[in-house]
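The values are calculated or read from the model by the stated rules, or taken from the named source; none is laboratory data. If you're wondering where the values come from, they're calculated on a predicted model, not measured in any experiment. Cβ atoms come from the backbone with ideal geometry, glycine included; neighbour counts cover every protein chain shown.
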Amino acid sequence: MHKENQLLKALKEENISLNQRLVGLHEESHRVWALIRKLNQLQVNRRELNRSSDLLMMIRKILEVALEAVGSENGSVLLYDQADQELVFVAVIGVRSQELLDYRIPIDQGIAGWVARNRSAALVSDVRNDQRWLSAVDQSVGFHTRSVLAVPLIIEDRLLGVVEVVNSRKEDAFSDQDLQLLMLVARLASFVFGFAEEVLRENRVGRVEAS
């Protein structure tokens, strides 16, 4: 109960912070409000996160909200495996999702690896012009990545993982506003993942049904 109260308090404080950030996003205010409404609909409590499968389903729900917010149909959540120094695809939505589940990449490789190591977001309009891009992932699963948004998941200065969205449905690819929206999602997601870290440790990372 104590941990659940801590989470609810943290989510309330984060909501206040997200609302305050609207001041600098007037042009995209309708998108931000829609995003916040979606996040508010995600009911999180201790009972819902008592198994790894419950946690991963919540991760998937958050990823769905992120994809809708930035206008994409393909995205992943990668959690950081500190022991092996790898990022693990634990939730994937979109094309080739089944092939990507449980796929691992070294933390010193790829755009997601750069985001994790530097704890900084990345907006890449054309991956083929970016030296950080790891083409081996596309080649192994038969996917074609064009553009990428990636944001680290961090809580209390600890790296939890990365949320990554690829291939915008819009002709002009992803924008700075899209990146800001994904960062809002990642901040709230970090609270949820941090709260439930012990579930992952005790039950190991499972699989989420992909669409």
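Just a few scattered comments:
- Residues being over 12 Å from the mean Cα position of the chain (by Cα) and under 13 Å from Val92 (Cβ atoms) - total across the range 64-80: 2
- For Arg169, the test of being in contact with a strand residue (DSSP E or B) (Cβ under 7 Å, 6 or more places away or on another chain), more than 24 Å from Ser190 (Cβ to Cβ), of a type in the set (D, E, K, R) and at pLDDT 90 or above is failed.
- Ser97 modelled with pLDDT under 95 and among the small types (Gly, Ala, Ser): yes
- Of the candidates Glu171, Glu164, the single residue that is in contact with a Gly (Cβ under 8 Å, 6 or more places away or on another chain) and charged (D, E, K, R) is Glu164.
- If you filter the range 154-178 down to residues that are free of Cβ contacts under 8 Å to residues at least 60 places away in the same chain and over 14 Å from Asp126 (Cα atoms), you find that the one that is nearest to the chain's Cα centre (by Cα) is Ile154.
Here is a yes/no grid of residues against (1) closer than 16 Å to Leu181 by Cβ; (2) in a helix (DSSP H, G or I); (3) modelled with pLDDT of 75 or more:
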site: Leu42; (1), (2), (3): yes, no, no
site: Ile59; (1), (2), (3): no, yes, yes
site: Ile62; (1), (2), (3): yes, yes, yes
site: Leu67; (1), (2), (3): yes, yes, yes
site: Ser76; (1), (2), (3): no, no, yes
site: Tyr80; (1), (2), (3): no, no, yes
site: Asp84; (1), (2), (3): no, no, yes
site: Leu87; (1), (2), (3): no, no, yes
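- Among the residues of the range 102-123, those identified as surrounded by fewer than 21 Cβ atoms within 10 Å (Cβ to Cβ) and outside any helix (DSSP H, G or I) are Asp102, Tyr103, Arg104, Ile105, Pro106, Asp108, Gln109, Arg119, Ser120, Ala121, Ala122, Leu123.
- Test: Leu200 is modelled with pLDDT under 95 and surrounded by 23 or more Cβ atoms within 10 Å (Cβ to Cβ): no
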